[in-house]
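Each reported figure results from applying straightforward, stated rules to the coordinates on display, with no laboratory input. Computed from a predicted model, the values in this text were never measured in an experiment. Cβ coordinates were reconstructed from backbone atoms using ideal geometry, including for glycine residues, and neighbour counts include every protein chain displayed.
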Amino acid sequence: MAAGPPREAPVPGGEPASAASTQVTAAGAAAAPQGPCRAASGRSLTLSVRADPASVRAALVAATDCLARHGVGPEALGRVELALAEALNNIVEHALAGRPGAEIGLTLHCGLPVWLDCELRDDGCPMPGGLLPRGALPLPLPGAGALPEGGFGWFLIRTLAENLRYRREGQTNLLSFRIRLAPA
Amino acid sequence: MELIPEDRGAARIITVRAARIDASVAIRFKDAVRQAAGDWQGPVVLDLSSVTFLDSSGLGALVGAMKLLGPDRPLELAGLTPNVERVLRLTRMDTVFTIHQGAVAAGGAAVRPADAI
């Protein structure tokens, strides 16, 4: 199950390099990648995340640990973690619903200290209509008794992320976005 | 995840001992709040000063717990760490919940939240 420590590869010319995959599962010893983390600028980190909530949690902890060790501050780290959590949860709950053994490929391309590009791929169901949800807040918020208990995920992603893109390639969903780490 | 209720004056304070309220615990969390509130009549204050991460599923659980308790037992929040405060602010839920500054210390005084990670 464990593929050892994550290996990151340089990203020549801005093209994603193939990086070794680290399996992230809830129970696995590889839940948090061990060893040196080299998510320095121009490098990428790839994680393979099983499609269940506990594995998503482990992947978020692993990714943010790695970024923290490279000097990403708590404010930016919080935004990165929230955007990734919402994107991963959406895949688990919709595209890969009922397929907890399936995997999500998560790649972070680091343009430290300014930005972080995030890519997620899965082989689940396509987005309805081939489009990302609008994710609008129901404003004005209804009275307490009628408040929605869900549907905030895409609103948060759209608020936190730039360059949000989705496309379907064959049987694969590809979602990508950029999180700004430092003020423009 | 552990929720510790303590009655203080008119309010029941529920201290949440969990670092993350996310999709993997959201349903359990909502149920645990309902249990910890029990048959208390009056405000129920959740002390979230140990919680360093909240996602939209966790937010949904907070909203769900508030709806379960109903208008006679308003669910209020205290001790928001920066990541929790961000989710509430971005979704405008900071206008829905009564939010107390700082954690709720013994004796009822508000204190500064523990240093957030």
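Between the C-alpha center of segment A:96-131 and that of segment A:64-87 there is a gap of 16 Å.
Give me the compactness ratio for segment B:2-110, meaning the Cα radius of gyration over 2.2 N^0.38 Å. Walk me through the numbers before you get to the answer.
Working: Rg = 12.4 Å, N = 109, 2.2 N^0.38 = 13.1 Å.
Normalised by 2.2 N^0.38 Å, the Cα Rg of segment B:2-110 equals 0.95.
3J(HN,Hα) along segment B:49-54: 5, 8, 8, 9, 8, 9 Hz, from the Karplus curve 6.51 cos²θ - 1.76 cosθ + 1.60 with θ = phi - 60°, whole Hz, x for Gly and Pro. Secondary-structure-derived ellipticity at 222 nm for chain B, considering helices only, amounts to -9000 deg cm²/dmol, per-run term -39500 (n - 2.57) for DSSP H runs with n ≥ 4. Between A:Arg50 and A:Val24, A:Ile104, the built amide H atoms are under 5 Å apart, and every one of these is 5 or more places off in sequence or on another chain. Each residue of segment A:150-161 is assigned a 3J(HN,Hα), and the resulting list reads x, x, 8, x, 5, 4, 5, 4, 5, 6, 8, 10 Hz, derived from the Karplus form 6.51 cos²θ - 1.76 cosθ + 1.60 (θ = phi - 60°), x at Gly and Pro.
Put in line by how crowded their Cβ is, counting other Cβ atoms within 10 Å and starting with the fewest, B:Leu68, B:Leu75, A:Leu77 read B:Leu68, A:Leu77, B:Leu75. Here the spin labels are modelled as points 7 Å beyond Cα on the Cα-Cβ line, and at B:Arg34 and A:Ala144 they lie 1.7 nm apart.
Which net charge results when you count Lys and Arg as +1 and Asp and Glu as -1 among the other residues whose beta-carbon is under 10 Å from that of A:Leu96? List each step's numbers first, then the result.
On the way: positive: A:Arg50, A:Arg99; negative: A:Asp52, A:Glu93, A:Glu103, A:Asp122, A:Asp123.
Net charge in that neighbourhood comes out at -3.
Mind sorting B:Phe97, A:Phe152 by how few other Cβ atoms lie within 10 Å of their own Cβ, fewest first? Mind showing how you got there, number by number?
Working: B:Phe97 18, A:Phe152 25.
Neighbour counts put them in this order, fewest first: B:Phe97, A:Phe152.
Each peptide in B:9-15, A:154-160 receives the mean, over its residues, of other Cβ atoms within 10 Å, and ordering these scores from highest gives A:154-160, B:9-15.
Are there trypsin sites (Lys or Arg not before Pro) in segment A:59-147 that DSSP marks as loop and that have at most 16 other Cβ atoms within 10 Å, and which are they? Kindly include the intermediate steps, with their values, before the conclusion.
Values: sites: A:Arg69, A:Arg79, A:Arg121, A:Arg134; in loops: A:Arg134.
Sites meeting the loop and neighbour criteria: A:Arg134.
Residue-wise HN-Hα couplings along segment B:59-72, as the Karplus relation 6.51 cos²θ - 1.76 cosθ + 1.60 with θ = phi - 60° gives them from phi, are 4, x, 5, 4, 5, x, 5, 4, 5, 4, 6, x, x, 7 Hz; Gly and Pro carry x.
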